[in-house]
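Attaching a single structure in structure tokens format; questions to follow.
The values are calculated or read from the model by the stated rules, or taken from the named source; none is laboratory data. What you are looking at is a predicted structure, and each value in this text was computed from that prediction instead of being measured. Using ideal geometry, Cβ is built from the backbone for each residue, glycine included, and neighbour counts are taken over all protein chains shown.
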Amino acid sequence: MNNTPQDWIASPGTPLRGTLEIPGDKSVSHRAIMLSALADGTSQIDGFLEGEDTRATAAIFARLGVRIETPSASRRIVHGVGIDGLKAADGPLDCGNAGTGMRLIAGVLAAQPFDSTLVGDASLSKRPMRRITDPLALMGARIDTQEGGVPPLHIRGTTALSGIDFTPPVASAQIKSCVLLAGLFAQGETIVREPHPTRDYTERMLAALGVDIEFSPGFARLRGGQRLKAGDITVPADFSSAAFFLVAASIIPGSELRLRQVGLNPRRTGLLTALRLMGADITEENAGEHGGESVADLVVRYAPLKGIEVPLDVVPDMIDEFPALFIAAACAQGPTVVRGAAELRVKESDRLAAMSNGLRALGLQIDETEDGATIHPGPVQSGSIDSHGDHRIAMAFAIAAQRCNGQIRVGDIANVATSFPGFDMLARGAGFGLENA
Ligand code: S3P
């Protein structure tokens, strides 16, 4: 029986205080499983995110014949089967809620000598997949989607892929990574040129596991037919999870939080730029390196925020952080304008609609556009909002409630466990008013 509570009742707590350990990075955890599974030899992953999304990816590779041990929480020992060692699974492979899981794994499975089917939950089953099946088809893959280009994906096995020189139509690390992973198995060279640079974890991890790959912001090139060597992988704390506490402490008077050793890959930290433009007080201390990624403690103190126009070139670097940004904007002085963020409409939910409707339900004025919104700040009233099963929408409104004049019922919160298991306990420990309904 699943006893997971489905709603939260969130209300103002106390100023946020303390030192928080944020769970491991979701993007890095997915890739760590995939690439160590394809490597020759045994890899140890530390700091693995024990979230539903990343566990779904591990379960899929186990079903493809990879032995994965869990000696303790947040650690995996992966016995790689080599680039040619995956075996057909005995039925559909369930990616759960994870777009990253489905899109990257499709790149690997498109190049196997056996057929596979990838399925997902209700949210993932509505998300666009032509963005990956189109380039994979150019490489010679054969993948059927459902009408409208959505999952399940039926992938017919082939070992005859050819490299391509591809420019994705939208800035997307998932598209880039999918094509590069298929390129590992393809004849010749695969090149991805990006309209705007996106997170480069796939490139970095391939290089760390011995693949000869050339990459720079917005560009990646590799030759097919290379083998990966096992290596130990350390996963930094997830900036996207830290983001909720950066915003929460910024808007709750008297707050001061230290978020320990958070990953600061520049393709992820656009929210830091935006919050600092708004006047946030966030400093970086104890800077270091964790598994090849820059990390630092982020120390955030309450500061009055002002509205901004979010710079267009920062948008891709904060693409997962708009739910949190909307709450910061709602609590600032003066309007905040978001443009160039149409990708938010095809995330785990339509995040522009979910945030705009949610904030309106709490008494705020939001002018929604096709690719953004203008958020007019104001007092946050009591109300009920629907998170549409989207983890980041749920956490964003838990934060909004800390500035509310009553309480907010946040509906459909079970998917918080996809990216941030234990968010509610950590938040309560820091001072949030947050109860299971
Ligand atoms: C991710 C890339 C981004 C991001 C997602 C994780 C990744 O998606 O929104 O949460 O790990 O590559 P897009 O590639 O669709 O922008």
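Do any residues in the range 201-214 that are polar (S, T, N, Q) have Cβ atoms under 6 Å from those of residues that are within 12 Å of the ligand (Cβ to nearest atom), where the two are at least six apart or on different chains, and which pairs are they?
Thr202/Arg31; Thr202/Ser177; Thr202/Leu180
Assess whether Phe185 counts as being modelled with pLDDT of 95 or more, of a type outside the set (A, V, I, L, M), away from the ligand (no atom under 14 Å from the Cβ) and out of contact with any Gly (no Cβ under 9 Å at 6 or more places or on another chain).
No: the conditions fail for Phe185.
State the number of residues belonging to the range 88-112 that are closer than 17 Å to Ala37 by Cα and assigned to a loop (DSSP other than H, G, I, E, B).
6
Quick one: in the range 373-414, of everything that is in contact (Cβ under 8 Å) with a residue 60 or more places away in the chain and assigned to a strand (DSSP E or B), which residue is farthest from the chain's Cα centre (by Cα)?
Cys404
Also, I was wondering about something else. Does Ser116 meet the test of being more than 16 Å from the ligand (Cβ to nearest atom) and at pLDDT 95 or above? Show your work before the answer.
Working: more than 16 Å from the ligand (Cβ to nearest atom): yes; at pLDDT 95 or above: yes.
The answer is yes for Ser116.
Also, I was wondering about something else. Output the number of residues of the range 186-219 satisfying the condition of being assigned to a loop (DSSP other than H, G, I, E, B), touching a helix residue (DSSP H, G or I) at 6+ places or on another chain (Cβ under 8 Å) and within 26 Å of Gly157 (Cα to Cα). Show your work before the answer.
Taking the range 186-219 first, the residues assigned to a loop (DSSP other than H, G, I, E, B) are 186, 188, 194-200, 209-212, 217-218.
Add one more test, that the residue is touching a helix residue (DSSP H, G or I) at 6+ places or on another chain (Cβ under 8 Å), and what stays is 194, 196-200, 209, 211.
So of that shortlist, the ones also within 26 Å of Gly157 (Cα to Cα) come out as 209, 211.
The number of residues fulfilling the criteria is 2.
Quick one: in the range 6-35, of everything that is more than 16 Å from the ligand (Cβ to nearest atom) and among the hydroxyl-bearing types (Ser, Thr, Tyr), which residue is farthest from the chain's Cα centre (by Cα)?
Among those residues, the one meeting the criterion is Thr14.
Something else about it: Determine which member of the set Pro135, Pro168, Pro152 is in contact with a Cys (Cβ under 8 Å, 6 or more places away or on another chain), farther than 30 Å from Glu289 by Cα and either of a type in the set (Val, Ile, Thr) or touching a residue at least 24 places away in the same chain (Cβ under 8 Å) (or both).
Values: Pro168 fails: in contact with a Cys (Cβ under 8 Å, 6 or more places away or on another chain); Pro152 fails: in contact with a Cys (Cβ under 8 Å, 6 or more places away or on another chain).
On inspection, the qualifying residue turns out to be Pro135.
Looking at the range 150-182, which of the residues that are small (Gly, Ala, Ser), within 11 Å of the ligand (Cβ to nearest atom) and assigned to a loop (DSSP other than H, G, I, E, B) is modelled with the lowest pLDDT?
Filtering first and then ranking leaves Ala171.
Since Ala237 meets every condition but one in (1) more than 16 Å from the ligand (Cβ to nearest atom); (2) crowded, with 16+ Cβ neighbours inside 10 Å, which condition does it not meet?
Failing condition for Ala237: (1).
Okay, next question. Sort out which residues of the range 346-371 are in contact (Cβ under 8 Å) with a residue 40 or more places away in the chain and within 16 Å of the ligand (Cβ to nearest atom), and write them in order of number.
Passing the criteria: Val346, Lys347, Glu348, Ser349, Arg351, Met355.
Pull out all pairs, ordered by first then second residue, where Cβ-Cβ is under 7 Å, the residues are six or more apart or on different chains, the first lies in the range 270-297 and is closer than 17 Å to Val338 by Cα, and the second is hydrophobic (A, V, I, L, M, F, W, C) and assigned to a strand (DSSP E or B).
So the pair list comes out as Leu272/Ile282; Leu275/Ile282; Arg276/Ile282.
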